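Step one of this worksheet: look at the structure below.
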Amino acid sequence: MAGEPTELQQPFGGLDARVIQEDNESILEVNCFNVSFFAPLEDSDTWMAKVIFKLMQYREVTQIRLAERRIYEYDRAQTQMLKEIAEVLRFVRTNNTLYNPYAMSNFPQDVHIGERFSFLQSIVMDLLPRDPIGAYVELIRRARREEIEAGKEGWPAYKAGREHFIKNVLYVIKAILDKTGLIRAAAQYLEGYQTGDRKVYRLIFRPTYRPNFMFTRLMAEIPVGAQQLDSYSVRDATVTIFRMPGEVKPIYHLMPPEFRLTDEEFQVLDYAREIMAQHKPTTSELIDPGRVRLSLHDVAFDLIREYSEKGGFQMRPADNERLAEIMTRETAGFGIIELILADEKVQDIAINAPTSASPIQLVHADFEDCQTNVIPTQDEVASWAARLRLFSGRPLDTSNPVLDTSIEIPGARARVAAVAPTLSPYGLAFSLRRHRERPWTLPLFIKNRALTPLAAGLISFLVDGGRTILIAGTRGSGKTSLLAAMMCEIMRTNRIITVEDTLELPTMSFAEMHYNIQSLKVQSAIVQVGNELSAADGIRTSLRLGDSCLIIGEVRSKEALALYEAMRVGALANVVAGTIHGDSPYGVYDRVVNDLGVPPTSFKATDIIIVANPIRSADGMHRVRRVVDISEIRKHWDKDPVKEKGFVSLMEYDAKDDELKPNQILTDGESEIVSKIAARVKEWVGNFDAVWDNITMRAKMKKALVDYSISTGNPNIIEAPFVIASNDAAHLFGEQVKRQQGTLVSEYIYQKWDAWVKEQIKAGRV
């Protein structure tokens, strides 16, 4: 095509380039490995010209990718700017009324024609592809000089020639450039612009980039005009929170160690990557993701040490370990997503389809909804899907487009919901709910103001009393976290059986803390896998495993019938607890009875409903998690628990004071459930003051742990290992006081417990 230079005609030589299709994008991919010099477009006028000449040939391109040790990718908007310059270049070079010596003047004998055409050649052939902003500025400056000279010109024909050059050449090209996105973006920087200065390009062109052994792209540059709100470290990565002027959603800016590697470290990792690509995991490794990771880590460490020694690189053992961890994360793990999950302040992660079109979104504990600077590629999400299928043993394909599972990586656990075509029309999408590595505890809920100490004391009393409890709330309200915190209140003398379709409860953590705990994984309510037992059968099986506390991860479907069988059996023995979606006690009743088909009389097996919900601020910008209601279910009603007053609130949320407050029914000793617990304890029968003393003692203990944690700056005081140990100590001191005093005297129990806690802290045992 005329005006499109061949490889030999291009002043900067040919490129190893091709156009590939990914996620409905046409990507100009340029191989920059075997070149003498490479720099990204914003830093190099040579490479900007190379790419613009390629865009003259490949007009369908929507994105640009420059592949070297670091892979730079320019999105649609940035690519469009360069395509517009390529179109201007093509237009000017093929327009005979602009780009030929006779267009320089309407007077053929004009002595300035040659110089003018030489100027235009330097602009069109050289400066415009290298430095479009500089070419635009030089056109304006030349037009000004021509206007000045035209005012001085004594010969009318020469003056007319200058005016023709200004009006029909310079201003025509300027008007075309005025319409381009690049010149519009650069408008505020044009005054005093120095041709060849790349500072403006660095402000306009901000590619995502990544090491060549990574799939995930990163917008590494800090946004112009961003206000820094916070900064902290996660492992070897740095997290900075920014807010752009006028934007309601902050930016979660992650800078991982992969993006701070030296050239030597890149070279070492390149070698390790090539060798590790040949490693084939054994069958036993594939069954156990932890073994795969450990095996590949050892291989990577040995390869990195061997190659660095041969190359004479100065690598310390710590450097080898850091590089081995990076390579393991990028081969056996989930890449950069693992660093996000390692951040304890991250709660939820959303990866929307098409994944290459938008950054990962997340919910942050301090800044709530945030947009990240991380963009997964098609290859990356495909590798995640493959790992999830492998590790879960569940399908994810067009016939089974939903996968509910969980992942565990060093330092974090997460529940994962993956959605594939045809349900997700634009490709794979993921939602991850991050769980703490250690279980939540009631003191942690107190510290975060989700619970009051009295509410925590009451919940502890109810768990010890072996009640049937449902925790209700919307998605993301903290139901599972509260359920795990309640499990910490179960004495380690009891056995626990958990039933989940997706493993969210930290059962392995409880096992490591010497709980007698058995986890049962049952069939998903969404996708039925043939070799998995149904949730209902799993619950019924749990009843045959002996006297145990029963914990149900979430009541979703028809297993509710089996759960209420378990509740009727367990109500007189150990605690039975689970989570369910609902925003009120009646909402739970409506879901259980009307949606899930449990008879109303069976619903009476529920003793307590705890409702946890997010509370939004008046401006809609913030939300906090709170327990908003603790209600008991009374047993005297027949048909309608609302009309017959079957729901009785023991504690209700006060929005003005932002806390859960006790109702008079609780404080006056009129709670039927509390009375039933008391009726089974000799010292409490007919003595509500003793019962209330026990509840408030528990509340005082929980608050004391929080206070000691804050005053000593020791967060471990309110973590599960010490909270559970302190609960055990309270029970032991209760037994000791009963032997000494003949009854449970709460004041004496607390004194002994408090002295024990102080001794543990002083001795550094926590």
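The values are calculated or read from the model by the stated rules, or taken from the named source; none is laboratory data. All values reported here derive from a predicted model rather than from experimental measurement. Here Cβ is always computed from backbone atoms with ideal geometry, including for glycine, and neighbour counts include all displayed protein chains. These accessible areas exclude ligands, DNA and RNA; they are computed on the full protein's heavy atoms, side chains included. Shrake-Rupley method; radii C 1.70, N 1.55, O 1.52, S 1.80 Å.
Annotations for the structure displayed:
- With a Förster radius of 60 Å applied to the C-beta separation of residue 716 and residue 153, the computed FRET efficiency comes to 0.10.
- On the principal axes of its alpha carbon atoms, the range 585-722 extends 53, 50, 30 Å, with the longest extent given first.
- In plain terms, the chain from residue 140 to residue 558 could stretch by 143.0 nm, reckoned as 0.36 nm per residue minus the Cα-Cα distance.
- Residues whose amide H falls under 5 Å from that of residue 659, counting only those 5 or more places apart or on a different chain, are 654, with hydrogens built in the peptide plane.
- Principal axis box of the range 618-659, alpha-carbon based, largest edge first, Å: 44, 17, 15
- Relative contact order, percent, the chain [alpha-carbon distance under 8 Å, six or more residues apart]: 8 percent
- Per residue, the average separation of C-alpha pairs within less than 8 Å and at least 6 apart gives the range 564-723 a relative contact order of 12 percent.
- Considering the range 86-195 at the alpha-carbon level, its Rg and Dmax are found to be 13.8, 41 Å.
- Each 10 Å bin from 0 upward holds the following percent of the Cα-Cα pairs of the chain: 2, 11, 18, 19, 15, 12, 9, 6, 4, 2, 1, 0, 0.
- With DNA, RNA and ligands ignored, accessible area of residue 76 (1.4 Å probe; Å², nearest 10): 130 Å²
- Calculated on the alpha-carbon coordinates, the convex hull of the range 249-406 measures out at 136 cubic angstrom per residue.
- By the rule of a C-alpha distance below 16 Å, with chain neighbours fewer than 8 residues away ignored, the aspartates and glutamates paired with residue 604 are 565, 590, 632, 638, 640, 644, 672.
- Of the chymotrypsin sites (Phe, Trp or Tyr not before Pro) found in the range 366-408, none is in coil by DSSP with at most 15 other Cβ atoms within 10 Å of its Cβ.
- Taken over the Cα atoms of the range 377-463, the convex hull encloses 153 Å³ per residue.
- Largest accessible area first, the listed residues 139, 190 line up as 190, 139 when surface is computed with a 1.4 Å probe on the assembled protein chains.
- Packing-based order for 208-218, 733-743, using average beta carbon neighbours within 10 Å, highest first: 208-218, 733-743
- Structural size metrics of the range 486-640, computed from C-alpha coordinates, are Rg and Dmax of 16.5, 52 Å.
- Beta bridges from DSSP with both residues in the chain: antiparallel share about 70 percent, rounded to the nearest 5.
- Residue-normalised accessible area of the range 171-317, given per residue in Å² at a 1.4 Å probe: 53 Å²
- A straight chain from residue 398 to residue 378 at 0.36 nm per residue would run longer than the Cα-Cα distance by 5.5 nm.
- Net charge of neighbours whose Cβ lies under 11 Å from the Cβ of residue 460, counting Lys and Arg as +1 and Asp and Glu as -1: 0
- In this view, the solvent-accessible surface of residue 586, computed with a 1.4 Å probe and all protein chains in place, comes to about 100 Å².
- Straightening the chain between residue 291 and residue 622 buys 115.0 nm, computed as 0.36 nm per residue apart minus the Cα-Cα spacing.
- Local net charge near residue 725, Cβ-Cβ under 10 Å (Lys/Arg +1, Asp/Glu -1): +1
- For the chain, the fraction of 1.4 Å probe accessible surface lying on carbon and sulfur atoms is 51 percent.
- Largest accessible area first, the listed residues 390, 444 line up as 390, 444 when surface is computed with a 1.4 Å probe on the assembled protein chains.
- Heavy-atom accessible surface of residue 60, to the nearest 10 Å², is about 100 Å², with a 1.4 Å probe and all protein chains retained.
- Along its first, second and third principal axes, ordered by size, the range 714-766 spans 36, 19, 13 Å in Cα coordinates.
- Rounded FRET efficiency, nearest 0.05, which uses the C-beta distance separating residue 194 from residue 19 and R0 of 25 Å: 0.10
- The range 366-425 - convex hull of alpha carbons, volume per residue in Å³: 127 Å³
- Long pairs among 179/199; 447/702; 661/703; 447/752; 682/703, criterion Cα-Cα beyond 20 Å: 179/199; 447/752; 682/703
- Estimated purely from DSSP H runs of n ≥ 4, each contributing -39500 (n - 2.57), the mean residue ellipticity at 222 nm for the chain is -12000 deg cm²/dmol once divided by its residues.
- Selection of trypsin sites (Lys or Arg not before Pro), the range 607-675, meeting DSSP coil and at most 11 other Cβ within 10 Å: 639, 643, 645, 656
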